[in-house]
Structures are given as structure tokens and as C-alpha cells.
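These notes concern the structure reproduced below.
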Amino acid sequence: MIEESELPYLRRCLEPAAEALAAGDEPFGAVLVGGDGTVLAEDHNRVAGGDRTRHPEFEPARWSAARPTPEERAAATVCPSGGHCPMCAAAPARVGLGRIVHVASSARLVTWLEEWGAAAAPVRPLPVHEVAPGVTVEGPVPELTDEVRALHRRFHGA
Ligand code: ZN
């Protein structure tokens, strides 16, 4: 269950998403929040340079692999602006992160792209639990979904 107290972190992941957009990249962002509410890591999408694997959901998992204890990783939450793609969905499970809360779902993004006539992603929008059944997934966050939509709409010029 998403707590009211988590909304600031979920809103925070929209900041790197907006930074990505300002840098000409697709507006995805993610933050990793520790069990005590500390922001441990954050990143934004970096695929505009040509490496299409540089998704922001991957970096928090990579960061956490080397630093926090297994207990701290299990207590941490990954907050991405959009749903994890299958590539990124595997990463939290591989390093033992316990939970994902996405603002907008991958399925929702697919419908937006269709609506705007944008090219579909080359990877199926599988639900995270089909890739990583042990990771708890929550979202979307209705209070913030419109802001995510607005960022993507601007990117696609729709
Ligand atoms: Zn991804």
C-alpha cells in the first residue's frame, strides 16, 4: 500500500524525468528510497546518446548492489516515473531490492504512445511480477500520473 508520506518521493522521481526531457532524452526518472526515507540514488534516462539500455530504473539497482546491506536493500523502494521494462524489472530482483512503486504504468505509456502515433517500444510491457515474482510492485499513483503524461506528451510533440 502506498502511504501518503511516500508521495514526496514519488513526486521527486519526476524531477530527473524533467531533467531528461530538458536534455533531449525520453522523460523517465527514478529514485531509490531507503527504509528510513533517505534518497539513496536517483537517475534519469540517458538513451539519447545511442545506448538504449541506459534506463534510469537500472542505475538504482546497480548502485545498491555494492553499497547497502542486504537488509537495507530489502527495505528500500525504487520509485520510477514509469513502469519498469522487462530489462529493468530483472535488476531489483537480482540485487535484492524489495519493492517498486511506479507513478505511471508501462501499459498506460503504451496507450499514450498509440494515442500520439508514436513508435511502440521494441520490448513488450510485461508486468514486473512476470519477470520478477518476488518483487512487490505498487502503482500507479493517480495524483501524479497526469504530470508524467504531460512530460511524455512534450517529448513526442503531441
Ligand atoms: Zn527499462
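Cβ-Cβ contacts under 6 Å between residues 6 or more apart (or on different chains), taken from a first residue in the stretch 65-77 that is in contact (Cβ under 8 Å) with a residue 60 or more places away in the chain to a second residue that is crowded, with 21+ Cβ neighbours inside 10 Å, are listed as T77/V33; T77/V101.
Checked against (1) surrounded by fewer than 19 Cβ atoms within 10 Å (Cβ to Cβ); (2) in contact with a strand residue (DSSP E or B) (Cβ under 8 Å, 6 or more places away or on another chain); (3) more than 19 Å from E147 (Cβ to Cβ), V39 passes all but a single condition, namely (3).
For the stretch 23-56, filtered to residues that are away from the ligand (no atom under 16 Å from the Cβ), farther than 18 Å from H156 by Cα and not hydrophobic (A, V, I, L, M, F, W, C), the residue that is farthest from the chain's Cα centre (by Cα) is D36. Here the stretch 77-88 is the region considered, the condition is being of a type in the set (G, A, S) and at pLDDT 95 or above, and the residue that is nearest to the ligand (Cβ to nearest atom) is G82. Screening the candidates E59, E72 for the property of being assigned to a helix (DSSP H, G or I), modelled with pLDDT under 95, within 14 Å of the ligand (Cβ to nearest atom) and crowded, with 16+ Cβ neighbours inside 10 Å yields one hit, E59. Within the span defined as the stretch 112-127, one or more residues are under 24 Å from L7 (Cα atoms) and of a type outside the set (F, W, Y). Filtered by the rule that a residue be under 16 Å from L32 (Cα atoms) and either without any contact (Cβ under 8 Å) to a residue 60 or more places away in the chain or crowded, with 16+ Cβ neighbours inside 10 Å (or both), the stretch 106-149 gives V135, T136, V137, G139. Only one of the numbered conditions (1) within 15 Å of the chain's Cα centre (by Cα); (2) surrounded by 15 or more Cβ atoms within 10 Å (Cβ to Cβ); (3) more than 17 Å from A93 (Cβ to Cβ) is not met by T77, and that is (3). Taken as a whole, the condition of being surrounded by fewer than 21 Cβ atoms within 10 Å (Cβ to Cβ) and part of a loop (DSSP other than H, G, I, E, B) does not apply to V103. Please work out which residue is nearest to the chain's Cα centre (by Cα), limiting yourself to the stretch 80-96 and to residues that are without any contact (Cβ under 8 Å) to a residue 40 or more places away in the chain and surrounded by 23 or more Cβ atoms within 10 Å (Cβ to Cβ). Per the stated criteria, the residue is C88.
The values are calculated or read from the model by the stated rules, or taken from the named source; none is laboratory data. None of the values given here were measured: they were computed from a predicted structure. Note that each Cβ is placed from the backbone with ideal geometry, even for glycine, and that neighbours are counted across all protein chains shown.
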